[in-house]
1. Can you find a residue that is acidic (D, E) and more than 22 Å from H20 (Cα to Cα) anywhere in the stretch 50-66?
2. Just the residues that are under 17 Å from R96 (Cβ atoms) and in contact with a Cys (Cβ under 9 Å, 6 or more places away or on another chain), please, taken from the stretch 1-33.
3. Among the residues of the stretch 34-50, which ones are of a type in the set (A, V, I, L, M, F, W, C) and farther than 17 Å from L99 by Cα?
4. May I ask you to verify whether G73 is in contact with a helix residue (DSSP H, G or I) (Cβ under 7 Å, 6 or more places away or on another chain) and of a type outside the set (A, V, I, L, M, F, W, C)?
5. Within the stretch 15-47, take every residue that is small (G, A, S) and either in contact with a strand residue (DSSP E or B) (Cβ under 7 Å, 6 or more places away or on another chain) or surrounded by fewer than 18 Cβ atoms within 10 Å (Cβ to Cβ) (or both) and give me the one that is farthest from R80 (Cα to Cα).
6. Scan the stretch 89-99 for residues that are assigned to a helix (DSSP H, G or I) and surrounded by 19 or more Cβ atoms within 10 Å (Cβ to Cβ) and jot them down.
7. Among the residues of the stretch 53-88 satisfying the criterion of being assigned to a helix (DSSP H, G or I) and surrounded by fewer than 17 Cβ atoms within 10 Å (Cβ to Cβ), which is nearest to the chain's Cα centre (by Cα)?
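Each value in this text was obtained by applying a stated rule to the coordinates, not by laboratory testing. Computed from a predicted model, the values in this text were never measured in an experiment. Don't worry about glycine lacking a Cβ; one is built from the backbone with ideal geometry, like all the others, and counts go over all protein chains shown.
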Amino acid sequence: MTMNDYRRAAAKVTAWLDAHFDSAGRCTIEPHEGPFYPKAPYLLNAAGLRTKGARAARWALDHCLDEQGDFTGPGELENRLYAMGWLLLGAVAVERFDLVQVLVQRLLQ
């Protein structure tokens, strides 16, 4: 692969992410499906879409965590810890420290 191949691939990823997360940070595929959100803030930020990544982090905070701070979604809590770790990493990357605080407090319990 050449550097131009990598650049084209990066542009495709950026375009895909931009097309599949709206200006509010919601996934346009399934807005209320948690599995789309754990890696979204980190990936959007890495693709140069930091503002959209911060909005996806906010959406996840408002719609993908329960009262205890656990990530909602299918599977056992032990499996959802992986998702919470990715969401935490992304929240730090996009400086959504409100989400960081909720996740850290829950993960330290």
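1. Scanning the stretch 50-66 turns up at least one residue that is acidic (D, E) and more than 22 Å from H20 (Cα to Cα).
2. Within the stretch 1-33, F21 is the sole residue that qualifies.
3. First, the residues of the stretch 34-50 that are of a type in the set (A, V, I, L, M, F, W, C): 36, 40, 43-44, 46-47, 49.
Listed by number, the residues that qualify are A46, A47, L49.
4. On the way: in contact with a helix residue (DSSP H, G or I) (Cβ under 7 Å, 6 or more places away or on another chain): yes; of a type outside the set (A, V, I, L, M, F, W, C): yes.
Yes, satisfied.
5. Quick first cut of the stretch 15-47, residues small (G, A, S) only: 15, 19, 23-25, 34, 40, 46-47.
Applying the additional criterion that residues be either in contact with a strand residue (DSSP E or B) (Cβ under 7 Å, 6 or more places away or on another chain) or surrounded by fewer than 18 Cβ atoms within 10 Å (Cβ to Cβ) (or both) yields 15, 19, 23-24, 34, 40, 46.
Working: A15: 28, A19: 26, S23: 26, A24: 24, G34: 10, A40: 15, A46: 23 Å.
Of everything passing the filter in the stretch 15-47, A15 is farthest from R80 (Cα to Cα).
6. First, pick out the residues of the stretch 89-99 that are assigned to a helix (DSSP H, G or I): 89-93, 97-99.
If the condition is that a residue be assigned to a helix (DSSP H, G or I) and surrounded by 19 or more Cβ atoms within 10 Å (Cβ to Cβ), then G90, A91, L99 are the ones that fit.
7. Initially, the stretch 53-88 is screened for residues assigned to a helix (DSSP H, G or I), giving 53-63, 77-88.
When the remaining residues are screened for being surrounded by fewer than 17 Cβ atoms within 10 Å (Cβ to Cβ), the result is 62-63, 77-79, 81-82, 85.
Numbers: D62: 12, H63: 12, L77: 18, E78: 19, N79: 16, L81: 14, Y82: 12, G85: 10 Å.
Ranking the qualifying residues of the stretch 53-88, first place goes to G85.
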